[in-house]
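Note sheet for the following structure.
The values are calculated or read from the model by the stated rules, or taken from the named source; none is laboratory data. A quick note: this is a predicted structure, and the numbers were derived from the prediction, not measured. In this analysis, Cβ positions are derived from the backbone assuming ideal geometry, glycine residues included, and neighbour counts consider all displayed protein chains. Calculation scope for accessible area: heavy atoms of the full protein, side chains included, ligands and nucleic acids excluded. Shrake-Rupley method; radii C 1.70, N 1.55, O 1.52, S 1.80 Å.
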Number of protein chains: 2
Amino acid sequence: MSAFPPLRHLLLRPRLPLSLQPFAPLLRPSTAVPIRRRRLRLLSSSSSSTATQDSADEVAEPPPLATGKETSVVDVNPPRGTRDFPPEDMRLRNWLFQNFREVSRLLSFEEVDFPVLESEALFIRKAGEEITQQLYNFEDKGGRRVVLRPEITPSLARLVIKQGKSVSLPLKWFTIGQCWRYERMTRGRRREHYQWNMDIIGVSKVRAEAELIHAIVLLFERLGVTSLDVGIRVSSRKVLQAVLQMYSIPEHLFMEVCVIVDKLGKLSREEVEKELMQAGVLLEAVKGIVEVLSLKSLSKLEEVLGSDSEAVADLKRLFSLAEHYGYSEWITFDASVVRGLAYYTGIVFEAFDRAGKLRAICGGGRYDRLLSTFGSDDIPACGFGFGDAVIVEFLKEKGLVPDIARQVEDIVFPLDVELEGPASKVVSSLRRKGRSVDLIEDKRLKWVFKHAERINASRLVLVGNSEWQRGMVRVKNLSTREEYEIKIDELC
Amino acid sequence: MSAFPPLRHLLLRPRLPLSLQPFAPLLRPSTAVPIRRRRLRLLSSSSSSTATQDSADEVAEPPPLATGKETSVVDVNPPRGTRDFPPEDMRLRNWLFQNFREVSRLLSFEEVDFPVLESEALFIRKAGEEITQQLYNFEDKGGRRVVLRPEITPSLARLVIKQGKSVSLPLKWFTIGQCWRYERMTRGRRREHYQWNMDIIGVSKVRAEAELIHAIVLLFERLGVTSLDVGIRVSSRKVLQAVLQMYSIPEHLFMEVCVIVDKLGKLSREEVEKELMQAGVLLEAVKGIVEVLSLKSLSKLEEVLGSDSEAVADLKRLFSLAEHYGYSEWITFDASVVRGLAYYTGIVFEAFDRAGKLRAICGGGRYDRLLSTFGSDDIPACGFGFGDAVIVEFLKEKGLVPDIARQVEDIVFPLDVELEGPASKVVSSLRRKGRSVDLIEDKRLKWVFKHAERINASRLVLVGNSEWQRGMVRVKNLSTREEYEIKIDELC
C-alpha cells in the first residue's frame, strides 16, 4: 500500500450540498424521530382464542399508524406477513429460483406467467379447502371481486382454455410466482410465498407424474438434499374414490371428503371422523375410509381394493417407472396422502422431511377435471407447487444454504477528486468489456480495501495523477496481491 | 427415416382413462359450453365521456360474470388491464429482464425486492401526482389500507430506513418488479407493468446521476438502440426552485408546482397556467416559469439564473462527466423536463424516442428529501424507473425484438410403448449430464420431427427394441442429419 501516492481530498462521508437545506419537505416532521419498530402485542387470551380469523388477527395486531400529513414516522416494516428482500436475502432467493429454472430447463419445460391479481371467480370452490377459506380477496374500484391469487393452477388452466386449439399438446409449463393468503398469523407463517409450479397438460398416462417427480428429485439433488433426509409420499385419489364406491357414497361428496380427510395429522382422528359424518358420510364408511388411509403398502392396498383396481395399477406403474429413472429410494406409498386441493383426481404426492418437523415441502397431483369446472372440455393434466418457505427452512436446518457472496470484478478508485473524468473513462471502458465495476469516490483508501473484501472484488484499479499523465493506471490483483501499472487501453 | 423399425402402438392423441368418466366434478355445467370471450361494449357516449374514472371504467366494462355455483363459463381473460405471459411472451420478457440484470451487474448493483402489496401510507402525498391519484388501493380484511404499489422507490426508502446504521453507504440497489395503477383504460394502457429500478443511496454528487445514465445507455446499446433513435433529456428541479425563489413563491408550493408543470405537453399551455394560478402562483411568476422551461441551452439557462446557479453547475458537471463516459451524444439539456413525481429535488432525466411517438421510455432523478417525509434523517439518493411497456413497443416498431426460440437439446422418443422403462433410463441419464430433454410418447414419428423443428432440438434419441437389446440407442443429429447408433453409457 505504501507504493500508492499520498491520498488527498478523500472524504470519509459524503456531504450534503448546502443548497438543499433551505427546502424543507412538505411532510417533514418537526423533529427527526428515531424509527420505532412495531411489536406484536401478546395478549394472554389470544393463544386459546377461538375467535374468527379476522378478529383474532386484529387482537394480535395494532391498528395502522395514521397516514401522511403532519404525522410522523411511517412503519418501516413491510405489511404484516410479507417480506422485504434485502440483498443477502435476494441472493438466496435468486439461487433457489435459479435451481428451479435449471431443473425446468433439464425437463424442457417452458416458462409462463400470470397476473398475481385474479378474478375471485377462478377460486370459488365449495369443498371447504383451506386455500379458498383464506382468500386475500377484495372489491376493486370498479366493483369487481378480485383476489391476490392463493395458487397458480387455476390461472394456468384459464390460459390453456384461452389458447384453445392454437397450441399443440402436451404442454409442459413452469412458472415461479407469488401466492397470497389471508389468515391469522401464527408461528411465522406468512401471508405470501413464492411457488415454483410445473404442469403437464395433455398427458393422461402416469408418465406425466413420473416426470414431475423426476424434476423434484433433480431439484433436491442440486440443493444437496439426499433421500435420507427427504422422501416423497405418493398415493392416488382413486383410492378414496374406490372406497366411496364400496360404501355407495354419492359422487358429489368426493371433493369434500378429500378435503376433510386431508386434515388427518392436523386434526385428531375423532375430529376428522366427526367432520366426515357432518358431511353426510355414514359411520361405517367413515371407519372404512380411515382404515384404508392408514395403509402403507401397495400389496395391502391391492388386497383391499382388488386386483383390478385402477388406483393400484396407476401406483404400480409409477413405482416401476421410478425404478427406471433411478429415484425409487425417494418415493414411498402412503395412502394417507390426499392433499388439500379439491380438484385432484388421480395420483397425489408430497415431499416431506423424514424427521417430521416441517410441513410438506411441495405437493402436487393429477387434476383431469379442472378445466370443465371452468366450462371447457377437460384435458388431462397434472402438476405440483413447490414453495420457497419450507425448503429454505429445511436447508437452513441442515446447513445446506450456501454462502452466496456479492461478486464484483473491479473497483475503480480515483485517488484525487480532479480525476473524476479519467475514472469515468476507465469505468466506461471496463463495463463495455463486460466487467462488473464498482466506482468508489470520496472514501479513504482503507475503506476501499475493506469494501473490496466485503464484495469479493478481484481487482482494484487506482486512477492516480502521475500514472494518468503517462496514460497508465495502477492495478492491484486482490487475490494474488500482485500490483502493476498498465496502459489504459490494455486494461481488460 | 426408413432405417427405423416399424412404428407400433403410437397414438395420435392421448386418451382419457375410462375410470375418470363416472366422476363428474361438482361445478360442472350441464353441458360443455364453448368458451366465450368477453367483448368490450362500445357505447356511442363513452368516447366523449367526462365521467370520473370509475364510472367511465364501468361504462366501458361489463360487470363480472357470476361466480362459481351452477354457472358457467369462467372468463378466460386475465383481469382487465393485466397480462398473461404465454411462453413466447415470457421468452421476450426474460430476454428484456436478462438485459436489465446484466447492466445492473456491470454497474455492480445489488438486487433487492419488496412486496407488491404495500401500506397505503407510503404513497399518500399531497402534490396531486397522477401516480397517487390512480392508486390501486383497498382495505384488507383487518381494516388496513393497502395498495398494489404504483412505484417502487418508497418501498426502497422504507427498507433503507429499516436497515439503518447496519449498512454501509453508498448503497447501489436494483430491482425488477410489478407496479399497478387503477385508471380508466385507454389506448392499450395497462393497469400493471414491470419496472426496472436502479437507485444509488448515499451519494450527493452528480456522479450518481452520471452512473445511472451510463446504465441506461449501456442497456440501450445492448438492445441495439442507437442515439439516433433515442435520446435522454436532462434538467434539474433546481431550475424551478431558482425561478420560484426569484418570484418569492413560498417553498411549500414547490412540489405542487413541479407536478403541474410536468403536465406541459399533455395539457395545453393555457391549462397549465390556469392550474398554476389556482395553486396560488401569481401571473407574472407563471409567465416566468413557462419561459424558463422552454429553454433548450445551458448557456441561455446560465444567462437567466446567473453564473452562481447550482442548477447550472450540476448540469455542467453532468455533461462534462458524460463526455468522459463517452455518452454525450445521448443526452441533451431540456428545461421542460420536470418529471411527475413530487419528491425529486435535483437532476431529473427521461429517455425518449426522437420520433416523438411514444411516452417517456424511462425516467428518474435525485430525491434527497424523500426519507425525511417518512420520519427519518435524509440521505442523498437518486434513481430511475424503466418500464417494460414502452421499450417493447419501441423495439417492435424498430424491428429490434429478437426472435427468441425455444431451446431444447434432446428429444427422447421410445418407438414402442413397451420401452417406457428404457426411455426413462435414457432421459434420466441425459438430464443428470445437464442436457435439456423432452420425452415424447404416444405420438407419430412425423409429429416428433415437426415438434423437433418447432423447439429447435439438436438431437433426436430413438429408443428402439432391437437397439436396446444390444445396449444401444439410435441418435439423429438434427442439424447435420447425421444418424448413428451409440451405447447408452456413452451418450452424453
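For the reader, a short list of remarks on this structure follows.
Okay, residues lined up against (1) at pLDDT 95 or above; (2) in contact with an Asp or Glu (Cβ under 8 Å, 6 or more places away or on another chain); (3) aromatic (Phe, Trp, Tyr); (4) within 23 Å of B:LYS425 (Cβ to Cβ):
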{"position": "A:VAL290", "(1), (2), (3), (4)": "no, yes, no, no"}
{"position": "A:ALA313", "(1), (2), (3), (4)": "yes, no, no, yes"}
{"position": "A:GLY363", "(1), (2), (3), (4)": "yes, yes, no, no"}
{"position": "A:GLY387", "(1), (2), (3), (4)": "yes, no, no, no"}
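- Considered as a group, the residues in region A:96-124 that are among the charged types (D, E, K, R) and more than 20 Å from A:LYS162 (Cβ to Cβ) include one that is least open to solvent (accessible area, probe 1.4 Å), and that residue is A:GLU102.
- Residue that is farthest from B:GLY383 (Cα to Cα) [pool: residues in region B:143-156 that are within 9 Å of chain A (Cβ to nearest Cβ) and surrounded by 20 or more Cβ atoms within 10 Å (Cβ to Cβ)]: B:VAL146
- Within region A:118-130, residues that are farther than 14 Å from A:VAL147 by Cβ have Cβ atoms under 6 Å from residues that are open to solvent by 10 Å² or more (accessible area, probe 1.4 Å) and part of a helix (DSSP H, G or I) in these pairs: A:ALA127/A:MET255; A:ALA127/A:GLU256, counting only partners at least 6 apart in sequence or on another chain.
- Wholly within region A:150-248, helices (runs of 4 or more DSSP H) carrying at least 2 residues that are closer than 30 Å to A:ASP308 by Cα and touching a strand residue (DSSP E or B) at 6+ places or on another chain (Cβ under 7 Å): A:207-223
- Residue match in region B:390-399 (condition: in a helix (DSSP H, G or I), assigned by the TED database to the domain that holds B:ARG222 and touching a strand residue (DSSP E or B) at 6+ places or on another chain (Cβ under 7 Å)): yes
- Whether a residue is open to solvent by less than 10 Å² (accessible area, probe 1.4 Å) and either touching a Lys or Arg at 6+ places or on another chain (Cβ under 8 Å) or closer than 22 Å to B:PRO380 by Cβ (or both) was assessed, and B:VAL217 does not pass this test.
- Flag for B:GLY346 being modelled with pLDDT of 95 or more, outside the structural domain of B:VAL448 (by the TED database) and under 19 Å from the mean Cα position of the chain (by Cα): no
- The residues of region B:332-360 that are surrounded by fewer than 22 Cβ atoms within 10 Å (Cβ to Cβ) and among the aliphatic types (A, V, I, L, M), listed by number, are B:ALA355, B:LEU358, B:ALA360.
- Any hit, region B:368-391, residues being over 28 Å from B:TRP173 (Cβ atoms) and either over 25 Å from the mean Cα position of the chain (by Cα) or surrounded by fewer than 19 Cβ atoms within 10 Å (Cβ to Cβ) (or both): no
- Evaluation of B:SER294 against (1) polar (S, T, N, Q); (2) open to solvent by 40 Å² or more (accessible area, probe 1.4 Å); (3) in contact with an Asp or Glu (Cβ under 9 Å, 6 or more places away or on another chain) (one fails), failing number: (3)
- Test for A:ASP314: is it charged (D, E, K, R), touching a residue at least 12 places away in the same chain (Cβ under 8 Å) and open to solvent by less than 10 Å² (accessible area, probe 1.4 Å): no
- Residue-level analysis places A:LEU283 outside the set of residues that are touching a residue at least 24 places away in the same chain (Cβ under 8 Å) and either under 19 Å from A:TYR367 (Cα atoms) or not hydroxyl-bearing (Ser, Thr, Tyr) (or both).
- Sole residue being more than 13 Å from chain A (Cβ to nearest Cβ) and either of a type in the set (S, T, N, Q) or under 16 Å from B:GLY471 (Cα atoms) (or both), chosen from B:LEU400, B:LEU415: B:LEU415
- Test: residue in region B:181-190 that is within 23 Å of A:PRO78 (Cβ to Cβ) and modelled with pLDDT of 95 or more: no
- When each of A:SER428, A:SER436 is tested for being hydroxyl-bearing (Ser, Thr, Tyr), in contact with a strand residue (DSSP E or B) (Cβ under 8 Å, 6 or more places away or on another chain) and open to solvent by less than 10 Å² (accessible area, probe 1.4 Å), the lone residue that passes is A:SER436.
- The requirement of being farther than 26 Å from A:TYR182 by Cα, buried (at least 21 other Cβ atoms within 10 Å of the Cβ) and within 8 Å of chain A (Cβ to nearest Cβ) is not satisfied by B:LEU159.
Yes or no, residue by residue, for (1) assigned to a loop (DSSP other than H, G, I, E, B); (2) under 44 Å from the mean Cα position of the chain (by Cα); (3) closer than 21 Å to A:LEU321 by Cβ; (4) at pLDDT 95 or above:
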{"site": "B:PHE413", "(1), (2), (3), (4)": "no, yes, yes, yes"}
{"site": "B:GLU418", "(1), (2), (3), (4)": "no, no, yes, no"}
{"site": "B:LYS425", "(1), (2), (3), (4)": "no, yes, yes, yes"}
{"site": "B:SER428", "(1), (2), (3), (4)": "no, yes, yes, yes"}
{"site": "B:VAL448", "(1), (2), (3), (4)": "no, yes, yes, yes"}
{"site": "B:LYS476", "(1), (2), (3), (4)": "no, yes, no, yes"}
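- Within region A:343-382, tally of residues that are in contact with a Lys or Arg (Cβ under 7 Å, 6 or more places away or on another chain) and within 8 Å of chain B (Cβ to nearest Cβ): 7
- Residue match in region A:213-221 (condition: closer than 30 Å to A:VAL146 by Cβ, of a type in the set (A, V, I, L, M) and out of contact with any Ser or Thr (no Cβ under 6 Å at 6 or more places or on another chain)): no
- Selection status of A:GLU302, assigned to a helix (DSSP H, G or I) and within 22 Å of A:VAL390 (Cα to Cα): no
- Of the residues B:ARG317, B:ARG339, the single one that is part of a loop (DSSP other than H, G, I, E, B), among the charged types (D, E, K, R) and touching a Lys or Arg at 6+ places or on another chain (Cβ under 9 Å) is B:ARG339.
- Residue in region A:125-142 that is most open to solvent (accessible area, probe 1.4 Å), counting only those that are among the polar types (S, T, N, Q) and more than 9 Å from chain B (Cβ to nearest Cβ): A:GLN133
- Close contacts from region A:77-106, counting a first residue that is facing chain B (nearest Cβ under 7 Å) and a second that is among the polar types (S, T, N, Q), with Cβ to Cβ under 8 Å and a gap of 6+ residues or different chains, come to A:PRO78/B:SER155; A:PRO79/B:SER119; A:ASP84/B:SER155; A:PRO86/B:GLN163; A:ARG105/B:SER436; A:LEU106/B:SER436.
- All conditions in (1) of a type in the set (Asp, Glu); (2) in contact (Cβ under 8 Å) with a residue 40 or more places away in the chain; (3) open to solvent by 20 Å² or more (accessible area, probe 1.4 Å) hold for A:GLU192, with the sole exception of (3).
- Test result for B:GLU482, open to solvent by 70 Å² or more (accessible area, probe 1.4 Å), in contact with a strand residue (DSSP E or B) (Cβ under 9 Å, 6 or more places away or on another chain) and free of Cβ contacts under 8 Å to residues at least 60 places away in the same chain: yes
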